[in-house]
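Novice: Right, I'll just put the structure down here and ask away after.
The numbers here are math on the coordinates, done by the rules we state, and not lab data. Quantities reported herein were computed from a predicted structural model and do not represent experimental measurements. In this analysis, Cβ positions are derived from the backbone assuming ideal geometry, glycine residues included, and neighbour counts consider all displayed protein chains.
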Amino acid sequence: MREKLKNALIIVLILSAVVLGWQSRLFGNTSGDLSVLTTLLSGHAGAPSDPDRAAAEAQTREAARPVTAAATNAAGLHYGARYDTQALDALYEQSVLAMSEAFDTASPPYKIDEYAWRKALLSQGIYFEYLTPVKISVLAGWLGTEIAADWGEMETRRLCIAESGGIVRLYFQQSDTGYFFTANTSINGSLGQVTDSLGVNSAVFAFEVDGAPAPRDPYALLMPDVTLHRVVYADNPLDDEAVVSLALEDLGITDQLSYPDPDGSGAETYIDNEFTLKFNPTDGTAIYRLRETGGQPKEPMTEGEVIEIARRAVAGSIARYCGDAVVCYESISADSDGGYKVRFRYIVAGGVVQLYRDGAAAVVTVRDGKIAEMTLRYRSYNISDEQEALMPELQVSAASDGPFMLCYPDSGGSWVRLSPCWVRRWAEPEG
């Protein structure tokens, strides 16, 4: 299994390197086979061909890309990446194989104390942080392996692999309890091959800062030298008629009849035998709804399978036109009709985009193995050379009453200037 995983990931990394060369990633500007999306929407997915399977593997692995990453050398010094997209991509590409091998060889985890967790963060290793908590089993799937044991149901947002005395272990913080766990594991080679090639920068975990008040979020990775943050320009890609045609094609619209909304909003409603689509280029919104087909209910799906369906649908639609941003998984929740609702967010220049309305880039409802509803918000983001000064993270960490994050509020419209700001992150359990 391990050699198979390694070979598959090497192929994936080669594919990904090509993808990154033209800045086209699963949750960025992807130009993949659009038949994948129309197949998902129709609910008639079959066994993929070899080229489709290879592309899907590359896309799935990219879903594991964290919003923050760090490499720690043997001296306990860090190289962190969050706000520099290219640096984050490069760190991820160099460390994902080791993280995948660690998941593939992990034994059942056991609980550890906070001291052991802190020691791991200061040991030679790799640290990943995600926007929101993700189930271990889902992360494993994104990394090309599988964890079927009960601990796969645990959720984490922060995890690392660390090497001490030639032994590599996987560590993570359980999101709902704040408890810390470790699992014995192994990788080919040494983590030093990754960490030593990256050097160090100003990155530091909040608990390492001497002489500062005890932080409310001690495991936040801070970038003290980063005080200038990029200004971002947001646009509506559907202002371009050529993009409108492509976006409609993505969603399976060919020769269906359309009906303009009587309210003069600019929206058109397309009616198909299997679905309806309300498409509004004016505000960049598309609302897809599956029509009742009377088919037999399918076997229950795991949350990981549901997220994958939703993720691929988003990758084949709004993520193709989002410019310098990426689209990131945010959450999954059960709905009242037996399905699941999956939310996604735009991330740009290391900040979360707070879109008007509820902040989401997309909300996808999956029911009986099909996409039953989907709300898509088409936005394109351009990271400019302009910069604005914000309070340094060390000061924000000391002054805030809880975890914080960089944010770009976006009220919609065409070519809108977005200024960065600090906002409070949702509360998390304290360790």
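Novice: Output the strands (runs of 3 or more DSSP E) that fall wholly within the stretch 355-431 and possess 2 or more residues being farther than 17 Å from residue 68 by Cβ, under 23 Å from the mean Cα position of the chain (by Cα) and not basic (Lys, Arg), or say none.
Specialist: On the way: elements: 362-367, 370-377, 380-389, 404-410, 416-418, 421-424.
Per the criteria, 362-367, 370-377, 380-389, 404-410.
Novice: Is it the case that residue 286 is among the small types (Gly, Ala, Ser), within 22 Å of the chain's Cα centre (by Cα), surrounded by 21 or more Cβ atoms within 10 Å (Cβ to Cβ) and closer than 24 Å to residue 130 by Cα?
Specialist: The answer is no for residue 286.
Novice: Right, next: Scan the stretch 332-373 residue by residue and report those that are without any contact (Cβ under 8 Å) to a residue 12 or more places away in the chain and over 24 Å from residue 411 (Cα atoms).
Specialist: Within the stretch 332-373, 333, 334, 336 qualify.
Novice: Looking at (1) under 14 Å from residue 160 (Cβ atoms); (2) outside any helix (DSSP H, G or I); (3) of a type in the set (Gly, Ala, Ser), which is the one condition that is false for residue 107?
Specialist: (1)
Novice: Does residue 132 meet the test of being over 30 Å from residue 400 (Cα atoms) and not basic (Lys, Arg)? Working first, answer last.
Specialist: Details: over 30 Å from residue 400 (Cα atoms): no; not basic (Lys, Arg): yes.
Against the criterion (over 30 Å from residue 400 (Cα atoms) and not basic (Lys, Arg)), residue 132 does not qualify.
Novice: A further question follows. Look through 86, 94 and report the one residue that is part of a helix (DSSP H, G or I), free of Cβ contacts under 8 Å to residues at least 60 places away in the same chain and polar (S, T, N, Q).
Specialist: The match here is 86.
Novice: Name the pairs whose Cβ atoms lie under 9 Å apart, with the first residue in the stretch 104-122 and more than 11 Å from residue 185 (Cβ to Cβ) and in contact (Cβ under 8 Å) with a residue 60 or more places away in the chain, the second part of a helix (DSSP H, G or I) and among the aliphatic types (A, V, I, L, M), and 6 or more positions between them or separate chains?
Specialist: Final answer for the pair search is 112/120.
Novice: Still on this structure, please answer the following. Just to be sure I understand, how many residues within the stretch 136-159 are part of a strand (DSSP E or B) and free of Cβ contacts under 8 Å to residues at least 60 places away in the same chain?
Specialist: The qualifying residues number 3.
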